[in-house]
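The values are calculated or read from the model by the stated rules, or taken from the named source; none is laboratory data. These numbers come from a predicted model, not from an experiment. Cβ atoms come from the backbone with ideal geometry, glycine included; neighbour counts cover every protein chain shown. Just the protein is used for accessible areas: all its heavy atoms, side chains included, with ligands, DNA and RNA removed. Shrake-Rupley method; radii C 1.70, N 1.55, O 1.52, S 1.80 Å.
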Amino acid sequence: MLRTPVDGTRLRVLTLLREQDAAAGGLTAEAVAARLGLPRPAALTHLRLLTALGLLRTDGSGVRARYRRDEARIAEVARLFEKGW
């Protein structure tokens, strides 16, 4: 799922959530959609997939859920790719 990240959108989401203001408090699906110029349902699909993979964590629930990167899990996945996974 990460090797073919649908036109790079999932990587753009991860990059966006690494930015200082986003990393501090997380972003809602609406904020991610607005910043990346995506429809909210598309942003939410990518956010849910990244959350299911364990690369994102959520605070709250529903419309007000805020998404943040799980740096430990991202580092773990990066190590797997470096080993030729």
Report every pair of residues separated by at least 6 positions or lying on different chains whose Cβ atoms are under 7 Å apart, first residue within the stretch 8-19 and free of Cβ contacts under 8 Å to residues at least 40 places away in the same chain and polar (S, T, N, Q), second surrounded by 13 or more Cβ atoms within 10 Å (Cβ to Cβ) and part of a helix (DSSP H, G or I). T9/H46
Considering only residues that are out of contact with any strand residue (DSSP E or B) (no Cβ under 9 Å at 6 or more places or on another chain) and of a type in the set (D, E, K, R), look in the stretch 20-42 and name the one that is surrounded by the most Cβ atoms within 10 Å (Cβ to Cβ). R40
Of the criteria (1) at pLDDT below 95; (2) open to solvent by less than 50 Å² (accessible area, probe 1.4 Å); (3) assigned to a helix (DSSP H, G or I); (4) over 10 Å from Y67 (Cβ atoms), which one T45 fails: (2)
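If you scan the stretch 54-68, which residues turn out to be hydrophobic (A, V, I, L, M, F, W, C) and surrounded by fewer than 15 Cβ atoms within 10 Å (Cβ to Cβ)? Quick ask: steps written out before the conclusion?
Of the stretch 54-68, the ones hydrophobic (A, V, I, L, M, F, W, C) are 55-56, 63, 65.
Listed by number, the list holds a single entry, V63.
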